[in-house]
Amino acid sequence: MDRNAMLNEMLFRMEEVFWHELSDCAPWKTEYVGIDFIQSQDIKGANEQEVIASCIERIKAAGLAEEVDFTISGKGILLKLRVRGCKLMLKETLLRKSGIKPYSCPIANMIRDQLIEKLGYETTYLADLAADEASGACALKVAIYATPEKVGEVSDWSKE
Amino acid sequence: MAEENLQDILEVMTSRKSIRRYKPDPVPDEMLDKILEAARWAPTGENYQPWRFIVVRDQETRNRIGDLAKVGSGSRMTAWYCLGHMQERFAGIQDLEKRAKVLKFMYSGEVSEFAKQSPVVIAVIGTLMEGSVDVPYDLSAAIENMLLMAHSMGLGGCWVHGPVAATRDARKFKEILGIPTGMGEYKVIAYVSIGWPAEARKYPRPKKNLEELVYWEKFGQTERPHHG
């Protein structure tokens, strides 16, 4: 039995029914998926660069993804993640086949959670998840808000 | 039921608008009771009545709810603006200065901050522990009854779901009001702001024609069959 395939198939079914029930709200409801693992890892860091790097190190060490790169721009709000070799890519493929755009990334959820838990960030939001099943990579745009005052600081992300 | 009464109900429904600006005047208890009574009589699967209502008049609590709502909506809309989605959505506003003002009102989150000004906020939550068929549906029916009753008495109201839509925000909302935070205990679906309208919005609002919405006998069949 391929245990990873089984895990992906189960997650796909859960996400499929969540989407059916909640449509565009489904991503907002699934932000806790994945956080238990990262909360067990004693992530440390004095700033966002260190916390995110620490998360990525543990994510890769656990074999959840082969590579995760990140940049922060857009007045400090835009966290871009590029994830390659993710163990959960199959669920995205299955979702797409069922007519649903992939909408939930446990790896992004882990990083978002630790920015809030370890650095006291006000909130975060998964703004875009582009899964490319052919290349095996996902490109994510995550809005991260260190303080309430950061909400409303806009820029053009197409130029970032 | 007499024909004129049916027309009255439709008039209440079609003239109702979401009101986000309120006068500071208090809402009398007897009017509030009528709104809550209307909620109590909403349809509910198996008559489970899972709804519970928390009536909030306290200014400090409403301020906290308003702040939560502002960050909740603003965090999403800031991202949508940065991605260009908001500009597409409001492209219909021809006056560029006005469009920019509206967009800033949205992405700053100010659009959702009005719990601070509405004299009453009613949190609508559902118990998940006493049996229920599908809590959000029952609660939604109760909210609609509340809004229609408020409007029929000249009050304004707004159904606010966005700020409690994300799991983490819903938890913060529960903490503000002392609601048990376990995912198996109570579900927060929305809150309803109530007060005397300080804005006169145009109505009826633009709506799709029935021809776009109704099929006859089977999905996709738009031609109305002849009866009799």
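Quick notes on this one:
- Gaussian network model of chain B, springs between alpha carbon atoms under 10 Å - residue of B:37, B:110, B:60 with greatest fluctuation: B:60
- Ranked from largest, the principal axis spans of the Cα set of the range A:1-79 equal 39, 34, 21 Å.
- Summing Lys and Arg as +1 and Asp and Glu as -1 over all other residues whose Cβ lies under 9 Å from the Cβ of residue B:151 gives a net charge of +2.
- Between the range A:9-63 and the range B:110-128, the alpha-carbon center distance in angstrom: 29 Å
- Value of relative contact order over chain A, rounded to a whole percent, pairs C-alpha under 8 Å and six or more apart: 26 percent
- Modelled label reach - residue B:57, point 7 Å along Cα→Cβ, the range B:4-45 residues with backbone N closer than 18 Å: B:22-37
- Per residue, the protein assembly as shown reaches -13000 deg cm²/dmol at 222 nm when only DSSP H runs of four or more residues are counted, each adding -39500 (n - 2.57).
- Exposure rule at most 16 other beta-carbon atoms within 10 Å, DSSP loop chymotrypsin sites (Phe, Trp or Tyr not before Pro): chain B longest free segment: B:91-214
- For the range A:107-129, the residues whose amide N sits under 18 Å from a probe point set 7 Å from the Cα of residue B:175 along the beta carbon direction are A:112-125.
- Here's how it looks for residue B:120: its modeled amide H is under 5 Å from those of B:194, which are all 5 or more places away or on a different chain.
- Averaged over A:121-127, number of beta-carbon atoms from partner chains that fall within 10 Å: 5
- Long-range HN-HN contacts of residue B:186 with modeled amide H, under 5 Å: B:128
- The fraction of all Cα pairs in the protein assembly as shown landing in successive 20 Å bins from 0 to the largest distance is 23, 54, 22, 1, given as whole percents.
- Anisotropy class of the range A:62-101 from Cα gyration tensor, a/c 1.5 cut: oblate
- Gyration tensor (Cα) of chain B, equivalent ellipsoid semi-axes in angstrom: 28, 26, 21
- Overall dimensions of chain A by Cα: Rg and Dmax, Å: 15.3, 50
- For residues of B:104-112, the mean tally of beta carbons on other chains within 10 Å: 2
- Among A:68, A:142, A:33, the residue with the largest mean-square fluctuation in a Gaussian network model of chain A, with springs joining Cα atoms closer than 10 Å, is A:33.
- Among B:189, B:179, B:35: highest mean-square fluctuation, GNM of chain B, C-alpha pairs under 10 Å: B:179
All of the numbers you see were taken from the coordinates with simple rules; none came from a lab. Just so it is clear, the structure is predicted and the values come from calculations on it, not from any experiment. As a convention, Cβ positions derive from the backbone with ideal geometry for all residues, glycine included, and neighbour counts pool all protein chains shown.
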